[in-house]
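Take a look at the structure set out below.
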Amino acid sequence: MKKEIEQKLARALGAEDTELLPFLPYLLQDLQNLGTPEKPVIDMLKSHIPDIANGKVLDLGAGKGCVGIPVAKETGASVHLVDAFSEFIECAVTKAMEEGIANCTFTAEDITQTVKSARGYDLVMLLSVGNIFGDFTSLSTLNALKQTVKKGGYILIEESYFEDAPFEVKCQAKYETLADWRRSFELAGVTLVAQYNEWGTEDGIDFDSDNAYIAARAAELSEKYPDKKALFEGYVQSQLNECDDLGRLQTAIWLLKSA
């Protein structure tokens, strides 16, 4: 894996050091849902995209398929899942096979390369991945995603942001203000169709439990690789920092329509 790809992948998964990458599948093995709840996504697609059942969907940064596979199952759309982590794609393939979902395809690939050739989709999804395209701004992200969909196609993106003025965050992630995102919507030529930001326990995400699982796996790795104990403990702390940041930020799922 090239160094640039490693850095992008590490950043997307909250790791501060690319040395941690080979251990991330082990650290995250107990987490099926790596971020976005499936129900609001499916509800938004069914409510706002006509004929979604016949659509082609590109799921970038698909992880273990926690959203892409349910979208395929519940809407009938053909979903292509892409993630740079081959271990995550293998988990997604297994999940689809176990559930008898045949309308999914899978690729292990750097998604910043995928967007250079993927074209003609009805919908592209980028959920819980962050700004990893171009100059790492919301506009570069939207422009990269927009080229993958047909005219009048849709973009579904989840992102955390500052409601008003920026403040200091603990993790390495880069966040923008809501005003920045709205400006980027306009500049990218996309229209906001629907928004979801009513996060609650019904969404099925329990950060405390997730962090406990990660901490337990980190302790196991520290015992096996004592020389890397600081690396694993650093990742546990980075996850706690990210959760603390997210508690002060706003998070939304936006459904956008391309001109």
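Solvent-accessible area assigned to carbon and sulfur over the chain amounts to 49 percent, based on a 1.4 Å probe. Over the chain, Cα pairs under 8 Å with separation of 6+ residues give a relative contact order of 21 percent. Measuring between their Cα centroids, segment 21-43 and segment 81-139 lie 13 Å from each other.
Pairwise over distinct Cα atoms, reciprocal of the mean inverse distance: report the Kirkwood radius of segment 59-152 in Å, one decimal place.
13.4
Compute, for the chain, the length of the dipole vector about the Cα centre, with Cβ point charges of +1 (Lys, Arg) and -1 (Asp, Glu) only. Units Debye, rounded to 20. The dipole magnitude comes to about 1100 debye. The relative contact order of segment 37-157, computed from alpha carbon pairs under 8 Å that lie at least 6 residues apart in sequence, is 24 percent. For segment 133-220, the set of chymotrypsin sites (Phe, Trp or Tyr not before Pro) satisfying both a DSSP loop assignment and a count of at most 16 other C-beta atoms within 10 Å is given as Phe136, Phe167, Trp199. The Rg/Rh ratio of the chain, with both radii computed over alpha carbons and Rh defined as the Kirkwood radius, is 0.95.
May I ask which residue of Gly152, Phe106, Ile253 lies farthest towards the positive end of the charge dipole of the chain, with charges of +1 (Lys, Arg) and -1 (Asp, Glu) on Cβ and the Cα centre as origin? Selected residue: Gly152. Here the extension length gained between Leu178 and Thr112 equals 21.4 nm, from 0.36 nm per residue of separation less the Cα-Cα distance. Entry comment: accessible area of the chain is 47 Å² per residue, from protein heavy atoms only and a probe of 1.4 Å.
Ranking of His80, His48 by solvent-accessible surface, largest first: His48, His80 (1.4 Å probe, protein heavy atoms only, all chains present).
The values are calculated or read from the model by the stated rules, or taken from the named source; none is laboratory data. Small disclaimer: the values here were computed from a predicted structure and weren't measured. Methodologically, a virtual Cβ is constructed for each residue, glycine included, from the backbone with ideal geometry; neighbour enumeration extends over all protein chains shown. The area values use the complete protein model at the heavy-atom level, side chains included, leaving out ligands, DNA and RNA. Shrake-Rupley method; radii C 1.70, N 1.55, O 1.52, S 1.80 Å.
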